[in-house]
Amino acid sequence: MSWKTALYNYVHAKNQTELEGSAAPMEAYVSDSAFLQKQDVKARRLIESYHERDARLLRSETKLHLTGMKEVAQGVVADIHLHRSLQYRIGSFEHNEERIETERVLIDTLSNGWQVRHSEALDGEKSVLSKQRVFMPNQDGVVDGLRRAPSLPFINHSILNSGAQESVPRKIIYDRAKAVAYAEKWWQTGNPNYEKFEVDCTNFVSQSLFAGGAPMDYTGKRDLGWWYAGKKGHQELWSFSWAVAHSLQTFVSHSRKGLRGRAVVDPRELELGDTISYDWNGDGRFQHNVIVTAKDANGMPLVNARTYNCRHRYWSYKDSPAWTERTQYIFVRIADEM
């Protein structure tokens, strides 16, 4: 058996693990017991999430793309890109969820062949979604400890001319269909006209809101307004609210003109094009944002997100390694008229 065969066996067993809600299918192909235990917890959480929704997981399919390989003393290290598709049924309705996962897999050479030792996520959801900087504004909206940047004259006109508005009319109707269409188009690769951030979730949500017609509040000051002007040399020309999860949530909740929203209690009150903010540790600081792009048969939101790229993911994220028992959510209804 070659190392490639061992890799394909690992990916197939990973599919079966999610279908069965147990890491048992991986035991024959993976030697690291600690890694297997983590996969077992993740699979059980996923199945429990489906049970809570009265959903039945039908199939899990994965497209494997090898992006890099090098030989090491123990065997082979392979970098892989996985495009995963989960099909499930609620009542008579079938749904499809997609995820992009990138992993680095260590495959040991043994006397009788090859075996995967363990794998690590190259964009590990727990570490990536929890490390976004948080800027806490005071009651005047000013971020403590940060000096306001001077007004910046540079504007990226290729962005401003691309779909929304060059001059802002007095009243704007938020076009939810356009916001969703944007999120559906760019969830996987990201729009090359924008900067890509290491933690890209809020940048992606802001782009989607802008595509739906939400007007930028351009101040040229990073701690004020909601705006994006591109990059000029080493200057970062965007507001914190455009790219930082907690800052966007704070801006939308406190804004009285243009882009604004209000919190609702029940996620079923959300419509397509609305947003959800996630506070993983329950400490009042939000680290993740998503946009609602569909509803399941129970009327619950399905969301698109970037950083850990996903499409039509169930809103609760309970199968995520970033989720904890202390996780808090804010469900934000974006205003229809801006």
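Per-structure values
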| read-out | value |
| --- | --- |
| Among H246, L259, S277 the positive-end extreme of the charge dipole of the range 233-338 (Cβ point charges) | L259 |
| The chain, relative contact order [Cα under 8 Å, separation at least 6], % | 16 |
| Projected label distance in nm at T5 and A121, using a 7 Å step from Cα toward the beta-carbon | 3.1 |
| Solvent-accessible area, 1.4 Å probe, carbon plus sulfur percent, for the range 208-319 | 48 |
| Cα-based shape type of the range 166-263, given that a ≥ b ≥ c are square roots of the gyration tensor eigenvalues and the cut on a/c is 1.5 | rounded |
| Within the accessible area of the range 16-71 (1.4 Å probe), percent carbon and sulfur | 44 |
| Mean separation of Cα contacts under 8 Å (6+ apart) over length of the range 1-67, as relative contact order % | 33 |
| Size of electric dipole in the chain: Cβ of Lys, Arg +1 and of Asp, Glu -1, about Cα centre, debye, nearest 20 | 760 |
| Average accessible area per residue (Å²) across the chain - probe 1.4 Å, nucleic acids and ligands excluded | 47 |
| Within the range 12-85: Cβ-based charge dipole about Cα centre, in debye rounded to nearest 20 (Lys, Arg +1; Asp, Glu -1) | 200 |
| Exposure of K4 as accessible area (Å², to 10), given a probe of 1.4 Å and all protein chains | 100 |
| Theoretical gain in end-to-end length, E269 to H12 [0.36 nm per residue, Cα-Cα removed] | 88.7 nm |
| Length-normalised contact order of the range 212-307 in % [C-alpha pairs under 8 Å, at least 6 apart] | 17 |
| Mean residue ellipticity (222 nm) of the chain, computed from DSSP H runs ≥ 4 via -39,500 (n - 2.57), nearest 500 | -7500 deg cm²/dmol |
| Rounded to whole Å, sorted largest first: equivalent-ellipsoid semi-axes of the range 6-46, Cα gyration tensor | 15, 12, 6 |
| Per-peptide average of other Cβ atoms within 10 Å, ordering 43-54, 13-24, 307-318, 256-267 highest first | 307-318, 13-24, 43-54, 256-267 |
| Principal axis dimensions, largest first and in whole angstrom, of the range 1-108 by Cα | 51, 26, 20 |
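The values are calculated or read from the model by the stated rules, or taken from the named source; none is laboratory data. The model shown is predicted, which means the values in this text are computed figures rather than measured ones. Methodologically, a virtual Cβ is constructed for each residue, glycine included, from the backbone with ideal geometry; neighbour enumeration extends over all protein chains shown. Heads up: the accessible areas ignore ligands, DNA and RNA and are worked out on the full protein's heavy atoms, side chains in. Shrake-Rupley method; radii C 1.70, N 1.55, O 1.52, S 1.80 Å.
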